[in-house]
Each structure stands twice: as structure tokens, then as C-alpha cells.
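Everything on this sheet refers to the single structure shown next.
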């Protein structure tokens, strides 16, 4: 899997209502046309609620 920039991921989460759980985030990215690499990265997020886009970006950064 290629390295994913959290900024790339955020473009697929534009308009996301927070707080959101992992499943909602993955579904939103899929609905916005995220590619396989982005979806695979989001599938690796810890299963928790995220209060802000920054929390999602931070969690992505900790995975890589």
C-alpha cells in the first residue's frame, strides 16, 4: 500500500458531520469516490469516535 497523505483523505471527507465513528468515515469516503488505498487506510483506523477532521488526520499519521 502506498503512503497516504492525511490531506488527500480529507478531500474525501469534505462535509462530514462530526463527531463520526470509523464506519461513518469509511462510508463517507467511499461515497465520495475514495480509491482503494484511501479506503484501506481508513479501514485501519482505530474503531472509535472522531470529534474533528484533525483527529482523523492524526490517527492516519499514527498508522503509517
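Do you know which residues across the range 26-54 are part of a helix (DSSP H, G or I) and without any contact (Cβ under 8 Å) to a residue 12 or more places away in the chain?
27, 30, 31, 36, 54
Working only within the range 55-64, note down all residues that are farther than 19 Å from residue 17 by Cα and in a helix (DSSP H, G or I).
Passing the criteria: 61, 62, 63.
Mind checking whether some residue in the range 4-22 is outside any helix (DSSP H, G or I), modelled with pLDDT under 95 and within 11 Å of the chain's Cα centre (by Cα)?
Yes, there is a match, as at least one residue in the range 4-22 is outside any helix (DSSP H, G or I), modelled with pLDDT under 95 and within 11 Å of the chain's Cα centre (by Cα).
Considering the range 31-57 alone, what residues qualify as being in contact with a helix residue (DSSP H, G or I) (Cβ under 8 Å, 6 or more places away or on another chain) and within 16 Å of residue 11 (Cα to Cα)?
Across the range 31-57, the qualifying residues are 32, 33, 34, 38, 39, 41, 42, 53, 56, 57.
The values are calculated or read from the model by the stated rules, or taken from the named source; none is laboratory data. Being a predicted model, the structure only gives us computed values, none of them experimental. Cβ: placed from backbone, ideal geometry, glycine included. Neighbour counts: every protein chain shown.
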